[in-house]
Each structure stands twice: as C-alpha cells, then as structure tokens.
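S.K.: My questions will all concern the structure given below.
Values quoted throughout were computed directly from the atomic coordinates according to the rules given, and no laboratory measurement underlies them. Predicted model only: the values in this text are computed from it and were never measured. FYI the Cβ positions are ideal-geometry reconstructions off the backbone, even for glycines, and counts take in every protein chain you see.
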Amino acid sequence: MTRALGWLAVVGLVAGLVMGFAVAPREVTQGNVQRIMYVHVPSVWVAYVAFAVVFVASIVYLARRAEGADHVAHASAELGVLFTGLTIATGSIWGKPTWGAWWTWDARLTSVAVLFVMYLGYLLLRGMIDEPERAARYAAVLGVVAALNIPLVHFSVYWWRTLHQPPSLMKPGGSSMPRVIVWALLVNFAAFALVYLYFLARRVRLLRLEAEAAA
Amino acid sequence: MPDNWGFVLAAYGLAALVLFAYWRRLIRREKELSASMPGHPMSAPASRTPLE
C-alpha cells in the first residue's frame, strides 16, 4: 500500500512538472519565473492540510489517549514544518526577481514565519520531554492552539495592507486565473498531497517502530 | 520582465533536494531500527525496497 502510494506520488510529481513547464503558458507580466508558483502554492496548501491533521489528531488524542492519533499528529507536524519551510524558501526565491527582495516583513510572510516557528516549537517540545505520555499530552494541547494561526495566515492578505498578493484561487467569487493555470496548480497540489500521504504513512510506521524499540 | 530561469531552477532544485533528503532520512532511520530489531516483521527483506 505504502509502496503504491510512493509510486503514485512519483507519477504525480512528473505530471506536475509536465503541467508546470510544458502545458501551462508563460505568464505575461512575470515571465517564466511565475512557474515557481507550481511549487510554492501547493507546498503551503499541503502545509495547511498537515496542520489541520495535527489539529484533528490532537483532539482525538486528548479525548481517547490513543497512541496512534499521537503518532499521526507528530508525523503530520513534522511534514507541516517541512512543507512550510519549502513554502518560505521558494517564496523567497520568487520574491527576489519580482519584488526585488528576498524577504519583507509583510503580514503574509510574517504570519507564515510565525506558523513555522510555532510548529518547530511543537517538535522541540516533544523532544524536550522524556516521558512519552506527557510529551504527547502537552504536544496535543499545542497542536490544537497552534492551528488557530492557520486562518490568520490565510486572511492576513485581506486584514492588512500587504505586499503579498491576495489568493488567486481560493477567494470569494471564484478564480480569475486562466483554466490551464488552475489545472497546473491542481495537478501539482495533488502530487504534493500524495507525497505528503506517502511520507505520513512511512513516518507513522517509523514512530510506531521507535515506540516498540523503546518499550 | 526577464525570465529569470536561474530562480526557477533554484526553487525546483531546492524542492527536489528537500523532499529527496527527507525520504532518504526516513529510509535510513527505518533500516537502523529494523537492524536493531531482528525478529520484527519490519526487518523482512521485502519491506526494505526503496519505495516501500
């Protein structure tokens, strides 16, 4: 099952590259540098999904004390940090030629940086506590609280005047982007989501194995 | 606006590198743990193929 998911993710990534480079056209204003969007945007969407999974799994853990839910939350938080880091790095690379700066303290960038640091803190908290049950409980509380930052990140471009553009796809009234660009974005999102699921399955299995080895 | 292919390459290259490094880390850790638990089902040869 995990193996099939892995190959599916590879196929998805290849399809994403074809859509991003061969099917999607050169953007009129930004030129080819806009193709960074097909990595940058799916990364942050998958990070949102990962943190939403942390939120749900943390609630399940607090309600039932199920070790499996804790493993899912832990693995998903790690992947959320990975994809948020990728979002920040690719955004920075995209920002330099389009904005003229690698980084600026605008609302969207700052709120994403805060999100990144919060979940990095979540992982550090887990690593700092030796007793697994206590680490899981504290992390679950943080996993619920930290999720409150996700809407803040998404709506930051509406609530404050920012350099970062507002959403082009997930916005009231529907997307204003050409259909081919939307499809390229969705195919890349599907590919990144498959990569996330594959990594999640492997990481959860690894956490289970680590727990067995420690027992 | 110039196409800035260098930036495009850097973004895609970085993404590929990060995902590949994370995948390698998972594989390596899994192998280490499997080796330390010889009787465990996870240490069976079939589960040590790259994408499984």
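S.K.: Please give me the summed charge of the neighbours of A:LEU82: other residues whose Cβ is under 14 Å from its Cβ, Lys and Arg +1, Asp and Glu -1.
M.R.: Local net charge: +3.
S.K.: Here is a further query. Using packing as a proxy for protection, rank A:206-213, A:70-77 so that the peptide with the highest average count of other Cβ atoms within 10 Å comes first.
M.R.: A:70-77, A:206-213
S.K.: To continue, here is another question. Gap in Å between the Cα centre of segment B:1-19 and the Cα centre of segment A:48-113?
M.R.: So the separation of the two Cα centres works out to 21 Å.
S.K.: Give me the compactness ratio for the protein assembly as shown, meaning the Cα radius of gyration over 2.2 N^0.38 Å.
M.R.: Dividing the Cα Rg of the protein assembly as shown by 2.2 N^0.38 Å gives 1.06.
S.K.: Taking springs between alpha-carbon atoms closer than 10 angstrom, which of A:TRP103, A:TRP159, A:TRP45 fluctuates most in the Gaussian network model of chain A?
M.R.: Taking springs between Cα atoms under 10 Å, the residue moving most is A:TRP159.
S.K.: Then there is this: Put one equal scatterer on each alpha carbon of segment A:52-130, apply the Debye formula with no solvent term, and list log10 I(q)/I(0) at q = 0.11 1/Å to two decimals.
M.R.: The computed values of log10 I(q)/I(0) come out as -0.38.
S.K.: Fewest to most neighbouring Cβ within 10 Å: what's the order for A:LEU194, A:LEU62?
M.R.: The order, fewest Cβ neighbours first, is A:LEU62, A:LEU194.
S.K.: Per-residue mean of other chain beta-carbon atoms within 10 angstrom of the beta-carbon, peptide A:86-99?
M.R.: 4
S.K.: I would also like to ask the following. Is the shape of segment A:1-135 best called rounded, prolate or oblate, per the rule: a/c under 1.5 gives rounded, else a/b larger than b/c gives prolate, else oblate, with a ≥ b ≥ c the square roots of the Cα gyration tensor eigenvalues?
M.R.: It comes out oblate by the Cα gyration axes.
S.K.: I would also like to ask the following. Other chains near A:11-22: what is the mean number of their Cβ atoms within 10 Å of each residue's Cβ?
M.R.: Whole-number average of other-chain Cβ neighbours for A:11-22 is 1.
S.K.: Next up: Could you line up A:THR84, A:THR29 from fewest to most neighbouring Cβ atoms inside 10 Å?
M.R.: Going from sparsest to densest Cβ surroundings: A:THR29, A:THR84.
S.K.: Could you please report the charge total around A:ARG161, scoring K, R as +1 and D, E as -1 over all other residues with beta-carbon less than 12 angstrom from its beta-carbon?
M.R.: Summing Lys/Arg as +1 and Asp/Glu as -1 gives 0.
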